[in-house]
Amino acid sequence: MFKIIREDIQSVLDRDPAARNSLEVLLCYPGLYAIWAHRLSHRLWRSGFKLIARWISQLMRGVTGIEIHPGATIGRNFFIDHGMGVVIGETAEVGDHVTLYHGVTLGGTSLHKTKRHPTIEDHVVIGAGAKVLGAITIGANSRVGANAVVVRSTPSDSVVVGVPGQVVIREHPIHLPDEKADLEHGSLPDTIGETLAALIAHVESLEKRVNGGGKNIPALHAPDKGVWNWDDFEI
């Protein structure tokens, strides 16, 4: 038991540069309280004491703002950063060394009493506000961008961005030691923006061909270093 508690505290110290020492982690990280309460409620749930298990989970929801159904299965070194608004459904399965940020939902998409929530494999990072919905699997070592809506399974070593989530498989997979996490969730591709820019560039080249070089013809163009100008949209 104490070994698990030490692991949980170390997970926070390893993944949050704002955490300065163990005492601060114990006093100021509601994600820890939610995880510890879940371990108790999950044990009660599996032992048949389902009502008290639900009561404990709802009590901790009020205390921490994090709702974890006692039926959910959660692995080692699970870290919820900030935590407010996190929801984890009954049949969700979370692997080891997983990181969630605030506002993440691991939700169900069926009324049937069967597996209806996601499976999150090891070393996955899910950004703030992301929604992972249905009985799908997020492969190991993947990153889900902030506010993405993921409704289909992804292979290992994926990056998922957008609504609905667009899956990009890493060319060079990252395999980190167990105690490390790939937290570079701000370095994500803009799949829709890059596709739109490529289409605009292609249309511009076609217009130049049709109009004999396109002189004096205002044309759409790709954003300058990812930034649009107001004049680009004036009519």
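Laboratory data are not the source of any read-out in this text; all were calculated from the coordinates shown. A quick note: this is a predicted structure, and the numbers were derived from the prediction, not measured. Here the Cβ is made from the backbone with ideal geometry for all residues, glycine too, and neighbour counts use every protein chain on show.
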Exercise for the section: Extending each Cα 7 Å along its Cβ direction at Arg43 and Ile136, get the distance between those two points in nm, one decimal. Expected result: 3.5
Exercise for the section: Using label points projected 7 Å from each Cα along Cα→Cβ, tell me how many nm separate Ala18 and Arg61, to one decimal. Expected result: 2.5
Fill in the blank from the handout: Along principal axes, largest first, the alpha-carbon spread of the range 2-169 in whole Å comes out as 39, 39, 25
Completion exercise
For Glu7, placing the label point 7 angstrom along Cα-to-beta-carbon and taking the range 106-140, residues whose amide nitrogen sits under 20 Å are 119-126, 140
Problem - Listed residues Tyr29, Gly83, Thr119: farthest to the positive end of the dipole of the range 1-142 (Cβ charges) - result: Thr119
Exercise for the section: Would you please give the FRET efficiency between Cys28 and Val149, computed as 1/(1 + (r/R0)^6) with r the Cβ-Cβ distance and R0 = 30 Å, to the nearest 0.05? Expected result: 0.45
Handout entry: In Å, descending, principal axis extents of the Cα set of the range 1-95
Key = 39, 26, 20
Exercise for the section: For the range 49-97 and the range 139-155, compute the distance between their C-alpha centroids and round to whole Å. Expected result: 20
Handout entry: Separation in nanometres of the label points that stand 7 Å from Cα toward Cβ, at Arg209 and Lys115
Key = 4.9
